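Participant: Dropping a structure here in structure tokens format, bear with me for questions.
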Amino acid sequence: MNEPKWLTELRHKALSLIEKAPSPKYGAKINLLEFNKSSHLYSKVSRIEDLPNSVQEALERTALTKVDSYGITVHVDASTVYKLLRLPRKVTVMSMEDALLDYPELKKYWFGVFPMALNKLTLFHAAYSRGGVFIRIPENTKVDKPIQSCFIVSSSKYAQLPHNIIIAEENSEAHILTGCTAPRNVRHALHAGLTEVYVKKGAKVTLTTIEIWPYDMHVRPLAGVRVEEGGEFIENYILLKPPKTLQAYPTALLVGEKSSCLMRSIIVGLRESDVDVGSASYLMGSESSAKLVSRAVAFHESKVVQRTKLWSKAPLTRGYVDCRGLIVGEKASLSTYPSLIADHKESNLVHESAIGRIAEDELFYLMSRGLNEEEAIGLLIRGFLDPGIMDLPPEISREIEKVIQITAEQAL
Amino acid sequence: MLLKIENLTVKVQDKLIVKDASLNVSRGEIVVLMGPNGSGKTTLAYAIMGHPRYQVVKGRILFKGEDITALPPHERAKKGIFLVFQNPPEIYGVKVKYLLDFISVNRDYSDLAEKLGFSAESLHRDLNVGFSGGERKRLEVLQMLLTKPAVAILDEPDSGVDIDSVKIIADAIRELVKEDTGILLITHYTKLARYLSPSRVYVMFKGRIVTEGSIDLMNKIDRCGYQCIDLGKCSLERCFNE
């Protein structure tokens, strides 16, 4: 493998630590040894039409190809197979393999915010990661359309472990739109991509992730974010079709003065899926502020956990958690675990959470206007999850709304 | 007969709210149902529309001769029954536009919406969220006009709104009547009802329809109030004939 020496050494170190490391704290237990760490490499194609049909269909389900954007990179298993980018000057988007050779300074960003030795899974990722995307927005550059990438797991039993790094230099701005999916015939595979985001002074990064999984998958997205002075990080995490098990807990460190983050998630639990999605923010810079918003709907027999954590460690920090769940399935289960911690007396942290069911009067009202029960419940669920607040490109918003409505109607 | 309510008894949970109520509405006719707060008017309206919590234990609802007592609300709506809610719910995340598009089956309604005070921009608001009393009523009336129902039940469209909104509502009712819609207007004020010159007035009290009559009945209600019935000091007939 052609990679920098420091990385090979780091992989060896990670391997040596795995055995003694704890298992991940949250989410369903999985046995990492069951997954293959290598797959055959896919060759690059020059047109999306040249990708295998199953991969094309998976890509289309994410709706990314419909968006007016600065182009897209498509990653199948460990290979970057397609790249069409019309980027503004000096904006860098490249496959991680190439970036590691071209940018020696990546060493300090590699596990620069995410703790490598957190648990067995993160060490597994560190030891075996392949592929990923590197995005760098230069100083004072505002990228006005999304930069997109799509990660597709195409081999059964494969562990897809891309490592992504996003660097927004001072006063830059960008929207990174990512799709994660797999063709429907993929069985018992793992996706555990790791994304590290660096939001420098005065920069603004929006990271939107749309996940649409076939059922027989295990998914563990890992994400760490570092926000400097006056920087702003916005995350939209949208789980439209859950796999059998999923656990995610993106964490933003607001290290700079007056830095801020807004982390929103839309979570749909279906069938017997076990979904554990949280978000956490550490308010470390004075006057930093964080808002965490979570909406979950549990259908069928799904088990959904919503976690939120705000930890204030600096003066004049503000944090707000808005966490709501809707339980629809007769045998579904929903839990929310909010946590507010203040290590500084000048902190103001607020938490609101609620779990409820479909309101009968709202349902009757919509039915009195001629919507049948399925349509009315679908509309209420769509309204509850309200992707409209995320300010996404209209093509994506429409697609998300459509999928939610259809999912809700089918689930009833 | 367009809408015929026959000896309807309605219970909510275990409480009987409407008792043995009968009334009729014909095409192009305005009928008024009056009564004090808590007399069962809204319960009757919900039962006619098919609210699942309002259980019909006796009697039946006939629409164009067909027994619709067991139909779900959306099927009643599709047959041509429309209910203007007294307190329409706030529904977060559901845009006004979505519902209007659904009701109007993509006919252009922008002029009508504008006339009722809804700009193109306001249609992107969440349904009734943060709406004033008048806005809620006007949105109900707009939906009623777009639906062009065979029969419209209006549950206190005149409560809590300013005089301009009352006029808009009255005009809307007249317009529908011209197109042969039957109107069941529920109210406890006589002002709007008088303005519309109804052909018949029913009075409901403690769950029963205690009397019916012409517009004169309203004059008597204005003179005596519902109070005399409440106190049981006199029967309706005597009170009204004094």
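The values are calculated or read from the model by the stated rules, or taken from the named source; none is laboratory data. Please read these numbers as outputs of a predicted model, since none were measured by experiment. When we count neighbours, we look across all protein chains shown, and the Cβ atoms used for this are built from the backbone with ideal geometry, even at glycine.
Participant: Residue by residue through region B:135-150, note down the ones that are in a helix (DSSP H, G or I), within 12 Å of chain A (Cβ to nearest Cβ) and not hydrophobic (A, V, I, L, M, F, W, C).
Facilitator: B:Arg136, B:Glu140, B:Gln143, B:Thr147
Participant: Considering A:Pro162, A:Pro183, which residue is in contact (Cβ under 8 Å) with a residue 12 or more places away in the chain, crowded, with 24+ Cβ neighbours inside 10 Å and either touching a His at 6+ places or on another chain (Cβ under 9 Å) or farther than 20 Å from A:Val67 by Cα (or both)? Explain how you work it out, then say what you get.
Facilitator: Working: A:Pro183 fails: crowded, with 24+ Cβ neighbours inside 10 Å.
Among A:Pro162, A:Pro183, only A:Pro162 is in contact (Cβ under 8 Å) with a residue 12 or more places away in the chain, crowded, with 24+ Cβ neighbours inside 10 Å and either touching a His at 6+ places or on another chain (Cβ under 9 Å) or farther than 20 Å from A:Val67 by Cα (or both).
Participant: I've got another one for you. Of the residues A:Ser347, A:Ser339, only one is more than 11 Å from chain B (Cβ to nearest Cβ), over 30 Å from B:Glu140 (Cβ atoms) and buried (at least 17 other Cβ atoms within 10 Å of the Cβ); which? Please lay out each step first, then the result.
Facilitator: Numbers: A:Ser339 fails: buried (at least 17 other Cβ atoms within 10 Å of the Cβ).
So the residue among A:Ser347, A:Ser339 that is more than 11 Å from chain B (Cβ to nearest Cβ), over 30 Å from B:Glu140 (Cβ atoms) and buried (at least 17 other Cβ atoms within 10 Å of the Cβ) is A:Ser347.
Participant: Same structure, new question: Kindly indicate the residue of region B:10-50 that is over 14 Å from the mean Cα position of the chain (by Cα) and within 14 Å of another protein chain (Cβ to nearest Cβ) and also nearest to B:Glu175 (Cα to Cα) among those meeting that condition.
Facilitator: Filtering region B:10-50 down to residues over 14 Å from the mean Cα position of the chain (by Cα) leaves B:10-22, B:26-28, B:36-39.
Adding the requirement that they be within 14 Å of another protein chain (Cβ to nearest Cβ) leaves B:12-13.
Working: B:Val12: 35, B:Gln13: 38 Å.
Checking each candidate, the answer is B:Val12.
Participant: Another one. How many residues are away from chain A (no Cβ under 12 Å) and farther than 22 Å from B:Tyr195 by Cα if we restrict to region B:124-134?
Facilitator: Initially, region B:124-134 is screened for residues away from chain A (no Cβ under 12 Å), giving B:130-134.
This time we only want the ones that are farther than 22 Å from B:Tyr195 by Cα, so: B:130-132.
Of the residues in that region, 3 qualify.
Participant: Still on this model: If you scan region A:375-389, which residues turn out to be among the aliphatic types (A, V, I, L, M) and either surrounded by 21 or more Cβ atoms within 10 Å (Cβ to Cβ) or without any contact (Cβ under 8 Å) to a residue 24 or more places away in the chain (or both)?
Facilitator: Step one: of region A:375-389, the residues among the aliphatic types (A, V, I, L, M) are A:376-377, A:379-381, A:385, A:389.
Scanning region A:375-389 gives A:Ala376, A:Ile377, A:Leu379, A:Leu380, A:Ile381, A:Leu385.
Participant: Assuming A:Asp361 fulfils every condition listed in (1) of a type in the set (Asp, Glu); (2) within 30 Å of A:Ile176 (Cβ to Cβ); (3) within 10 Å of chain B (Cβ to nearest Cβ) apart from one, which condition is it?
Facilitator: Of the numbered conditions (1) of a type in the set (Asp, Glu); (2) within 30 Å of A:Ile176 (Cβ to Cβ); (3) within 10 Å of chain B (Cβ to nearest Cβ), the odd one out for A:Asp361 is (2).
Participant: Further question on the same structure: Return yes when A:Ala192 is farther than 16 Å from A:Leu64 by Cβ and more than 16 Å from the chain's Cα centre (by Cα) and no when it is not. Walk me through how you get there before you give the answer.
Facilitator: On the way: farther than 16 Å from A:Leu64 by Cβ: yes; more than 16 Å from the chain's Cα centre (by Cα): no.
Answer is no for this residue.
Participant: Kindly establish whether A:Tyr82 is aromatic (Phe, Trp, Tyr) and not in a loop (DSSP other than H, G, I, E, B).
Facilitator: For A:Tyr82, the condition - aromatic (Phe, Trp, Tyr) and not in a loop (DSSP other than H, G, I, E, B) - is met.
Participant: Take the residues of region B:106-134 that are part of a helix (DSSP H, G or I) and of a type in the set (A, V, I, L, M, F, W, C): which is surrounded by the most Cβ atoms within 10 Å (Cβ to Cβ)? Full working, then the answer.
Facilitator: In the first step, residues of region B:106-134 are kept if they are part of a helix (DSSP H, G or I); the result is B:110-115, B:121-124, B:133-134.
Next, from what is left, pick out any that are of a type in the set (A, V, I, L, M, F, W, C): B:112-113, B:123.
Values: B:Leu112: 16, B:Ala113: 23, B:Leu123: 18.
Out of the qualifying residues, it is B:Ala113.
Participant: Next question, about the same structure. How do the pairs read when you match residues in region A:27-46 that are acidic (Asp, Glu) with residues anywhere that are surrounded by 19 or more Cβ atoms within 10 Å (Cβ to Cβ), using Cβ under 7 Å and keeping only pairs 6 or more apart or on different chains?
Facilitator: Final answer for the pair search is none.
Participant: May I pose another question? Return the residues of region B:78-96 that are facing chain A (nearest Cβ under 9 Å), among the aliphatic types (A, V, I, L, M) and without any contact (Cβ under 8 Å) to a residue 60 or more places away in the chain; say none if nothing qualifies.
Facilitator: If the condition is that a residue be facing chain A (nearest Cβ under 9 Å), among the aliphatic types (A, V, I, L, M) and without any contact (Cβ under 8 Å) to a residue 60 or more places away in the chain, then B:Ile91, B:Val94 are the ones that fit.
Participant: In addition: Against the condition aliphatic (A, V, I, L, M), within 30 Å of A:Arg187 (Cα to Cα), under 20 Å from the mean Cα position of the chain (by Cα) and surrounded by 15 or more Cβ atoms within 10 Å (Cβ to Cβ), how does A:Ala14 come out, does it pass?
Facilitator: On the way: aliphatic (A, V, I, L, M): yes; within 30 Å of A:Arg187 (Cα to Cα): yes; under 20 Å from the mean Cα position of the chain (by Cα): no; surrounded by 15 or more Cβ atoms within 10 Å (Cβ to Cβ): yes.
So A:Ala14 does not fit the description; no.
Participant: Turning to a different aspect of this structure: Considering each of A:Val304, A:Val227, A:Val297 in turn, give the residue that is under 30 Å from A:Glu170 (Cβ atoms), of a type in the set (Val, Ile, Thr) and more than 14 Å from the chain's Cα centre (by Cα). Give the steps one after another, and end with the answer.
Facilitator: Working: A:Val304 fails: under 30 Å from A:Glu170 (Cβ atoms); A:Val297 fails: under 30 Å from A:Glu170 (Cβ atoms).
Unique residue meeting the criteria: A:Val227.
Participant: State which residue is surrounded by the fewest Cβ atoms within 10 Å (Cβ to Cβ) when the search covers only region B:153-202 and only residues that are farther than 19 Å from B:Asn219 by Cα and of a type in the set (Gly, Ala, Ser).
Facilitator: Among residues in region B:153-202 that are farther than 19 Å from B:Asn219 by Cα and of a type in the set (Gly, Ala, Ser), the one surrounded by the fewest Cβ atoms within 10 Å (Cβ to Cβ) is B:Gly160.
Participant: Which condition from (1) at pLDDT 90 or above; (2) in a helix (DSSP H, G or I); (3) aromatic (Phe, Trp, Tyr) is the one that B:Tyr202 breaks?
Facilitator: B:Tyr202 satisfies every listed condition except (2).
Participant: Then there's this: Going by what's in this entry, would B:Leu71 be described as without any contact (Cβ under 8 Å) to a residue 24 or more places away in the chain and more than 10 Å from every other protein chain (Cβ to nearest Cβ)? Full working, then the answer.
Facilitator: On the way: without any contact (Cβ under 8 Å) to a residue 24 or more places away in the chain: yes; more than 10 Å from every other protein chain (Cβ to nearest Cβ): yes.
Criteria met by B:Leu71.
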